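Novice: Quick one: the structure is below, questions incoming.
The values are calculated or read from the model by the stated rules, or taken from the named source; none is laboratory data. Remember, predicted model here, so these are calculated numbers, not experimental data. Reconstructed Cβ throughout: ideal geometry from the backbone, glycine too, with neighbour counts over all protein chains shown.
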Amino acid sequence: MDAVIRTEGVSKVFNAGLADEVRAIAAVSIEIPRGRITVFKGPSGSGKTTLLGLIGCMSRPTEGKIFVEGKDVAKLPERFLTNVRRKTFGFIFQHFNLIRGLTVRENVMLPLYPTDIDGRQMERRMEEILDKLDLTAKRAVKVEKLSGGQQQRVAIARAMINEPAVILADEPTAHLDTKLSEDFLNIVTTLNIDGKTIVIATHDPLIYDKPYIDNIIEMRDGAVKETAPL
Amino acid sequence: MKGNGRIIEYALSTLARRKFKNFSVAAVFSVLIAVLSSILFLTHAYKTETLKLLDNSPAIILQNMSGGRHELIPTEYIKTLSGIAGVGQIAPRYWGYYYDSLTSANYTLMAVDEGMQDVKLIEGRMPQTDTECAVGRGVADLRQAGLKDDFFLITGAEQSVNLKIVGIFTANSAILTNDLVVMTKDGLVKFFNMPADRATDITIEVNNPAEVSMVARKIRHAFPNSRPILKSELIRTYDNIFNWRGGIVLTMFFGAIAAFMIFVWDKATGINAQERQEIGILKAIGWETSDVLTLKFWEGAVVAICSFFTGLILAYVHVFYFNAQFLAPVLKGWSVLFPRFEPMPYIDIYQIFVLFFLTVVPYVAAGVVPSWKAAISDPDVVMR
């Protein structure tokens with residue numbers, strides 16, 4: 001099986017050496033298969049979000065190696081790490097982390113601002129994504145005026161604008177009702193069909209009980225309890 | 001528009017999103033710049049104006065000293081002075097001070113001399129008879145007197161001397177003439193009861209400007225009790241009075257600088273949680289540290305540059321349109337009467353550049369440093 005991401009003995013310690021030191025995850029070795037939907041399952045505090053952040057190059061491990069597309073990124077300088085993050089990953093955060101005061105259009109295009117992509121190409125890409133996610137009519141609306149489900153779709157659009165190979169979602173249904181959660185899963189499966197690798201950290205059975213989930217990594221107390229390729 | 005252009009566009013939209021905060025910051029910044037610039041504009045305008053007026057001063061003013069104090073000078077010195085090589089035109093000057101108990105103010109009384117006939121800064125004319133006088137704007141205002149009005153002075157013998165005002169110095173010359181009363185030589189000598197063979201001081205021109213110091217040394221040698229005051233010394237004295245580094249101006253200037261530094265320090269010591277989170281989001285979605293710094297640079301630069309020029313404009317209007325209403329009393333305190341001086345708009349570009357680098361650069365840096373600290377941290381740490 002071709003792994004897009006692989007970790008070897010990854011640990012993450014917060015506040016190392018201080019009285020409030022926390023070992024969030026310890027010696028985690030996993031593989032994320034390319035083009036599949038993988039779920040990190042586990043209760044709150046099990047280390048799912050930390051592991052998601054580590055494989056998405058959002059933070060560095062205290063120990064261990066993380067291979068993205070075969071390259072060890074754990075020790076990469078910040079500049080190169082940003083490059084990997086920009087080109088490989090799209091993030092959907094638990095609280096969406098949209099920038100208030102900006103419109104849907106501006107939030108979605110934000111990842112492309114520092115790039116050299118031509119403005120017309122940016123607009124075209126943005127229009128296509130908004131169309132796919134049924135957000136075209138909301139393009140000029142400020143994000144704080146949108147419903148939770150709409151905000152999440154904006155977050156998905158922003159994650160897709162860089163055309164990343166991997167979409168990472170942290171507790172994506174935590175603030176959604178069942179209907180909106182189903183809508184989210186429909187979008188995710190469409191993305192997966194389009195060839196994206198999807199990694200979701202969740203403790204919502206609505207997600208990990210779905211038949212189309214390819215791989216479940218169960219976590220508890222910062223360690224992998226069980227890996228279950230389905 | 002690519003890369004940096006879009007980051008600048010985003011910086012502008014960020015400023016607009018936090019318009020109340022940024023407007024408040026810009027307002028404080030502008031006021032501080034206005035205070036600092038007003039001090040620089042006003043002192044420079046005073047200095048330039050005064051130095052321009054001193055252009056017509058004699059190369060040397062010779063005073064007689066007795067017991068370390070200025071005494072009347074014998075006019076017979078003129079004969080010896082004219083024998084010194086290099087000395088040009090020599091003229092005695094007659095002047096003194098007068099306390100006016102009516103207005104509780106001191107006036108400077110001066111005899112009209114030949115050079116004064118050419119003074120253009122006057123409304124009316126110079127006095128020609130012992131019963132005429134020309135007065136400074138401040139004196140005229142204090143006495144509520146105008147052209148052709150009577151003007152009386154009380155002599156030591158409790159008798160009054162009645163004069164007619166035939167000229168009033170215009171406001172443009174107020175810095176030197178505000179407290180001045182110009183009379184004829186005979187009228188002034190009589191008023192002060194000065195001995196006929198004495199003058200207040202003697203003005204001396206020197207044919208070759210490069211020889212002024214040497215001529216002054218020769219005069220001092222010829223008259224050991226005299227004190228030659230060089231024009232260059234006068235210029236230096238005025239320069240020190242008006243220089244922004246001098247005395248009370250220095251205190252005000254550094255007070256404003258200190259306020260500005262506190263303002264900058266407050267900015268440099270941290271960014272709020274929302275800004276930190278936003279930096280984390282930008283990093284998480286693929287912005288490099290340098291992109292974040294570019295953003296923060298432009299945010300700071302736009303606020304600082306706009307505030308700087310707003311402050312400059314405010315200072316310009318304050319100093320040159322409203323005659324520095326808030327600052328002038330402080331700076332004009334050396335004069336007995338506060339002149340109603342209207343500063344001419346002389347601006348020292350060098351001072352503006354210095355002010356720019358002392359204010360805009362630290363402010364922009366103060367905005368970038370805490371953002372840099374946040375930007376080099378891992379995005380998920382910043383967002384937590």
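Novice: Name the one entry in A:130, A:102, A:98, A:112 that is more than 9 Å from every other protein chain (Cβ to nearest Cβ) and either under 30 Å from residue A:61 (Cα atoms) or crowded, with 17+ Cβ neighbours inside 10 Å (or both). If you could, list the steps in order and put the result at the bottom.
Specialist: On the way: A:102 fails: more than 9 Å from every other protein chain (Cβ to nearest Cβ); A:98 fails: more than 9 Å from every other protein chain (Cβ to nearest Cβ); A:112 fails: more than 9 Å from every other protein chain (Cβ to nearest Cβ).
Only one candidate passes the filter, namely A:130.
Novice: What's the number of the condition residue A:40 fails, among (1) in a loop (DSSP other than H, G, I, E, B); (2) more than 8 Å from chain B (Cβ to nearest Cβ); (3) under 19 Å from the mean Cα position of the chain (by Cα)?
Specialist: With (1) in a loop (DSSP other than H, G, I, E, B); (2) more than 8 Å from chain B (Cβ to nearest Cβ); (3) under 19 Å from the mean Cα position of the chain (by Cα) applied to residue A:40, the lone miss is (1).
Novice: Working only within segment B:206-236, note down all residues that are over 14 Å from residue B:63 (Cβ atoms) and free of Cβ contacts under 8 Å to residues at least 24 places away in the same chain.
Specialist: B:210, B:213, B:217, B:221, B:232, B:236
Novice: Let me confirm something: among A:75, A:65, which residue is surrounded by fewer than 16 Cβ atoms within 10 Å (Cβ to Cβ) and either at pLDDT below 90 or touching a Pro at 6+ places or on another chain (Cβ under 8 Å) (or both)?
Specialist: A:75
Novice: Out of all the residues in segment B:153-162, is one or more crowded, with 20+ Cβ neighbours inside 10 Å and either in the same structural domain as residue B:49 (by TED's automatic domain parsing) or touching a residue at least 24 places away in the same chain (Cβ under 8 Å) (or both)? Spell out the reasoning first.
Specialist: As a first pass, look at segment B:153-162 and keep what is crowded, with 20+ Cβ neighbours inside 10 Å: none.
Within segment B:153-162 (the criterion being crowded, with 20+ Cβ neighbours inside 10 Å and either in the same structural domain as residue B:49 (by TED's automatic domain parsing) or touching a residue at least 24 places away in the same chain (Cβ under 8 Å) (or both)), the answer is no, since none of the residues qualifies.
Novice: What is the residue count in segment A:151-195 for residues that are crowded, with 23+ Cβ neighbours inside 10 Å, part of a helix (DSSP H, G or I) and not hydrophobic (A, V, I, L, M, F, W, C)?
Specialist: 3
Novice: Here's another thing I want to ask about it. Output the residues belonging to segment A:51-64 that are within 27 Å of residue B:290 (Cβ to Cβ) and not small (Gly, Ala, Ser).
Specialist: The answer is A:52, A:54, A:55, A:57, A:58, A:60, A:61, A:62.
Novice: Which residue, of B:280, B:270, is within 11 Å of chain A (Cβ to nearest Cβ), under 11 Å from residue B:371 (Cα atoms) and of a type in the set (Gly, Ala, Ser)?
Specialist: Numbers: B:270 fails: within 11 Å of chain A (Cβ to nearest Cβ).
Of B:280, B:270, the one residue that is within 11 Å of chain A (Cβ to nearest Cβ), under 11 Å from residue B:371 (Cα atoms) and of a type in the set (Gly, Ala, Ser) is B:280.
Novice: Kindly list the number of the only condition in (1) crowded, with 17+ Cβ neighbours inside 10 Å; (2) modelled with pLDDT under 85; (3) among the aliphatic types (A, V, I, L, M) that fails for residue B:301.
Specialist: Just one mismatch for residue B:301, condition (2).
Novice: Something else about it: Which numbered condition trips up residue A:164, out of (1) free of Cβ contacts under 8 Å to residues at least 24 places away in the same chain; (2) within 20 Å of residue A:94 (Cβ to Cβ)?
Specialist: Failed condition: (1).
Novice: Still on this model: Can you pull out the residues in segment B:283-327 that are without any contact (Cβ under 8 Å) to a residue 60 or more places away in the chain and within 14 Å of another protein chain (Cβ to nearest Cβ)?
Specialist: First pass over segment B:283-327, keeping only residues without any contact (Cβ under 8 Å) to a residue 60 or more places away in the chain: B:285-288, B:290, B:305, B:309, B:313, B:317, B:321-323, B:325.
Of everything in segment B:283-327, those that are without any contact (Cβ under 8 Å) to a residue 60 or more places away in the chain and within 14 Å of another protein chain (Cβ to nearest Cβ) turn out to be B:285, B:286, B:287, B:288, B:290.
Novice: Filter segment A:205-230 down to the residues that are modelled with pLDDT under 90, in contact with an Asp or Glu (Cβ under 8 Å, 6 or more places away or on another chain), closer than 17 Å to residue A:31 by Cα and not basic (Lys, Arg) and list them by number.
Specialist: Of everything in segment A:205-230, those that are modelled with pLDDT under 90, in contact with an Asp or Glu (Cβ under 8 Å, 6 or more places away or on another chain), closer than 17 Å to residue A:31 by Cα and not basic (Lys, Arg) turn out to be A:224, A:226, A:227, A:228, A:229, A:230.
Novice: In segment B:1-120, which strands (runs of 3 or more DSSP E) lie fully inside it and hold 3 or more residues that are surrounded by 13 or more Cβ atoms within 10 Å (Cβ to Cβ) and in contact (Cβ under 8 Å) with a residue 40 or more places away in the chain?
Specialist: Result: B:60-66, B:87-93, B:95-100, B:105-111.
Novice: Still on this structure, I have one more. Among the residues of segment A:51-72, what is the count of those that are part of a loop (DSSP other than H, G, I, E, B) and more than 13 Å from chain B (Cβ to nearest Cβ)?
Specialist: Number of matching residues: 2.
Novice: Evaluate the following for residue B:196: is it in a helix (DSSP H, G or I) and assigned by TED's automatic domain parsing to the domain that holds residue B:67?
Specialist: no
Novice: Also: Report whether or not residue A:201 is assigned to a strand (DSSP E or B), touching a Pro at 6+ places or on another chain (Cβ under 9 Å) and within 13 Å of chain B (Cβ to nearest Cβ).
Specialist: Yes, satisfied.
Novice: Considering only segment A:204-225, state which residues are part of a loop (DSSP other than H, G, I, E, B) and over 22 Å from residue A:182 (Cα atoms).
Specialist: Result: A:221, A:222.
Novice: Another question about this same structure. Part of a helix (DSSP H, G or I) and at pLDDT 85 or above: does that describe residue B:315?
Specialist: In short, yes.
Novice: Kindly evaluate residue A:82 against the criterion of being within 14 Å of chain B (Cβ to nearest Cβ), over 11 Å from the mean Cα position of the chain (by Cα), more than 24 Å from residue B:291 (Cα to Cα) and not in a strand (DSSP E or B).
Specialist: Working: within 14 Å of chain B (Cβ to nearest Cβ): yes; over 11 Å from the mean Cα position of the chain (by Cα): yes; more than 24 Å from residue B:291 (Cα to Cα): no; not in a strand (DSSP E or B): yes.
Here the answer is no, as residue A:82 does not meet what is asked.
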